[in-house]
1. Give the Debye-formula value of log10 I(q)/I(0) at each listed q (0.19 Å⁻¹), with one equal scatterer per alpha carbon of the range 41-111, two decimals each.
2. Quick one: if you stick a label point 7 Å off each Cα along the C-beta vector at VAL39 and GLN61, how many nm between them?
3. Which angle from 0 to 90°, rounded to the nearest 10, does the C-alpha axis of helix 23-53 make with the longest principal axis of the chain?
4. Given labels modelled 7 Å from the Cα in the Cβ direction, how far is it in nm from MET126 to ILE26?
5. How large is the helix-only mean residue ellipticity at 222 nm for the chain, computed as the sum of -39500 (n - 2.57) over DSSP H runs with n ≥ 4, divided by its residue count, in deg cm²/dmol to the nearest 500?
6. Dividing the Cα radius of gyration by the Kirkwood radius, what Rg/Rh value follows for the chain?
7. What is the helix-to-structure angle for 69-96, meaning the angle in degrees between its Cα long axis and the longest Cα principal axis of the chain, kept from 0 to 90 and rounded to the nearest 10?
8. When only DSSP loop residues count, what chymotrypsin sites (Phe, Trp or Tyr not before Pro) in the range 62-128 have their Cβ near at most 12 other Cβ atoms within 10 Å?
Amino acid sequence: MNDVSRVKPRPLSPRLSIYRWQSTMIASVVHRASGLVLVLFVPLYLWLLHGMTGSPEDFVQVQSWLHSGLGKLSLWVAGVALFFHYCNGLRFLSIDAGWFEQRRMLRLSARIILGMTIFVAVILGMLL
C-alpha cells in the first residue's frame, strides 16, 4: 500500500456557501463592506470639499453634480454605510467589553442594527 492511499481526506475549508446565513454573519460581512465603501468615498468627499471651498464655478459644478442621480445615489450609499458602520462598530465594542456575549443577544443586537439600517436607508432615500 502506498502513502497516498492512507491519506485522510481533508475537511472543507469554511466558505460562505457552507454556512447557513444568520444575522450575525450578515452583520459581520456588511460591516466590512461598509468600511470599504467609506474608504472608497474619501476621494469623492475630498473633491466635494474642494469644490465647496474653491471658486464659484467649482461650487456650481459640485452643486449640480450633487443634485444629479449619481450624486444622490453616492450620498445615499455613503450615508447608509456610515450609519451601519458606526452602529455596528458600537455593537462590536460592546461585545468586546463583555456585554451581550450570549448567543441570543448577539443575534438580537445584529437584527436590531440591520433593522435600524434598513429604516434609515428608506428615510434617507425619501429625503434625497
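Nothing in this text is a laboratory measurement; each read-out follows from the coordinates by a stated rule. From a predicted model like this one, the values you see are computed outputs, not experimental measurements. Note that each Cβ is placed from the backbone with ideal geometry, even for glycine, and that neighbours are counted across all protein chains shown.
1. The computed values of log10 I(q)/I(0) come out as -0.77.
2. 2.9
3. Between helix and principal axis, roughly 30 degrees.
4. Inter-label distance under the simple model: 2.2 nm.
5. Value at 222 nm, helices only, nearest 500: -26000 deg cm²/dmol.
6. Reported Rg/Rh (Cα atoms, Kirkwood Rh): 1.21.
7. The answer is roughly 50 degrees.
8. Here the sparse-neighbourhood loop sites are TRP99.
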